[in-house]
Amino acid sequence: MKVTVLEPSGYCAGVELAIRLAIKTKVDNASKNVVVLGMLVHNQDSLKALEKYNIKTIFKENSSLEELVDELKVPSIVILTAHGHSKSLEEKLIKNGHKIVDATCPFVQKSMDEINADISKRKDVFYIGIKNHPEANAALSLGKNVHLIDLKNPSIPKINSDSPTVISQTTLAESEVQSIIDQIKVLYKNAKIIKGICNASTLRQQAILSLDKSVDKLYVVGGLNSNNSKTLFNLAKTTYPNLNVELIQNADDIKEKDLKGLSHIAISSGASTPIEVIDQIKNKLLN
């Protein structure tokens with residue numbers, strides 16, 4: 001059996017930076033309570049690795065980050081996730097006696113800076129993203145002039161200006177975003193389009209679009225709540241409707257019965273998937 005790992009694989013630069021920062025923070029503050037507010041990255045294997053350093057993750061599916069602050073009963077060093085956050089969250093943490101370590105991905109921060117620059121000029125910003133995703137929530141918190149266009153239920157806002165700024169969440173599919181941009185341009189011919197999708201997401205999508213025709217099964221490896229992993233999975237399913245495509249978290253999800261008769265398996269991975277997990281999957285398939 002042939003096994004191909006699609007590149008890039010392993011952590012993107014932003015995820016690697018966030019994880020290194022979290023570990024360094026704990027090493028430098030061994031006797032203090034160090035926690036991550038929210039999911040540092042959307043991958044369970046990555047979060048388990050943090051637990052080995054006694055870094056606790058404070059997260060509840062239906063609770064806002066502001067609500068989670070109230071669960072911190074002692075002054076702590078609080079690491080804020082790679083997805084960005086609101087200024088009001090920082091203010092609440094400081095008011096409650098906590099110290100902040102900001103692990104926002106540099107590319108996400110670049111998007112936030114672009115939004116801030118335009119809303120400071122009183123421009124309207126159309127943000128293409130997923131409702132309630134932490135990155136989208138961070139963007140919307142920047143001001144009332146930031147309008148969400150939900151990827152799953154897109155509706156173009158009506159505004160007085162004919163030249164809104166348009167930017168997207170960093171982990172979306174290029175084709176889906178472009179479809180919405182095309183609709184916006186019909187209504188707002190002078191719209192200013194800013195690339196929001198990060199290079200790590202774009203390169204992974206391009207690798208799937210260039211998949212070798214001999215591949216008869218594709219594993220997409222990533223957290224089940226990782227948007228960039230879901231984007232890769234959906235892109236593969238849409239592009240290759242007859243291909244056997246499966247989204248898995250790690251090697252434990254591979255079933256021997258699903259490998260019978262296969263000659264070429266490809267492995268794609270989300271930007272927060274550890275390279276160790278990919279290696280374990282490759283070894284299991286080859287052995």
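The values are calculated or read from the model by the stated rules, or taken from the named source; none is laboratory data. The structure displayed is predicted, hence computed values, not measured ones. All Cβ positions, glycine included, derive from the backbone under ideal geometry; neighbour counts span all protein chains shown. We work out accessible area using only protein heavy atoms, side chains counted, and drop any ligands, DNA or RNA first. Shrake-Rupley method; radii C 1.70, N 1.55, O 1.52, S 1.80 Å.
Structural size metrics of segment 121-259, computed from C-alpha coordinates, are Rg and Dmax of 17.5, 59 Å.
Grab the other residues whose beta carbon is less than 10 angstrom from that of G270, score K and R as +1, D and E as -1, and report the net. That sum, taken over residues with Cβ under 10 Å, equals +2.
Averaged per residue, segment 61-103 has 55 square angstrom of accessible surface, using a 1.4 angstrom probe with ligands and nucleic acids left out. Electrostatic tally near I77: other residues with Cβ closer than 10 Å to its Cβ, Lys and Arg +1, Asp and Glu -1, net +2.
Taking 0.36 nm per residue of separation and subtracting the current Cα-Cα distance, fully stretching the chain between N244 and I23 would add 75.8 nm. Counted over segment 214-287 with a bin width of 5 Å, the fraction of Cα pairs per bin, in whole percents, is 3, 17, 30, 25, 18, 6, 0. The ellipsoid that matches the Cα gyration tensor of segment 13-146 has semi-axes, each √(5λ) in whole angstrom, of 26, 16, 13, with the longest given first. Values of log10 I(q)/I(0) for the chain across q = 0.12, 0.15, 0.16 Å⁻¹ run -0.81, -1.14, -1.23, by the Debye formula with one identical scatterer at each alpha carbon and no solvent. For the chain, carbon and sulfur atoms together expose 50% of the accessible surface, with a 1.4 angstrom probe and every protein chain in place. The fraction of Cα-Cα pairs per 5 angstrom bin, counted from 0 for segment 24-75, comes to 4, 19, 29, 23, 18, 6, 0 percent, rounded to whole percents. Once backbone amide H atoms are built at 1.01 Å from N, I149 has Y127, I128, G129 as its partners under 5 Å, excluding neighbours fewer than 5 places away on the same chain. Inter-part distance, segment 74-105 to segment 232-287, computed on C-alpha centroids, equals 36 Å. For segment 146-287, the solvent-accessible area of protein heavy atoms averages 48 Å² per residue (probe radius 1.4 Å; ligands and nucleic acids excluded). Comparing S155, G143, L172 along the charge dipole axis of segment 78-215, the residue lying farthest to the positive side is G143, per the Cβ-charge model. Each semi-axis of the equivalent ellipsoid for segment 175-248 is √(5λ) with λ an eigenvalue of the Cα gyration tensor; in descending order they amount to 28, 14, 11 Å.
If R0 is 25 Å, the Cβ-Cβ spacing of H264 and N199 corresponds to a FRET efficiency of close to 0.35.
For segment 107-163, the alpha-carbon radius of gyration amounts to 1.07 times the rule-of-thumb value 2.2 N^0.38 Å expected for a compact globular protein. Over all projection directions, the Cα-based convex hull of segment 215-258 averages an area of 3.2 nm².
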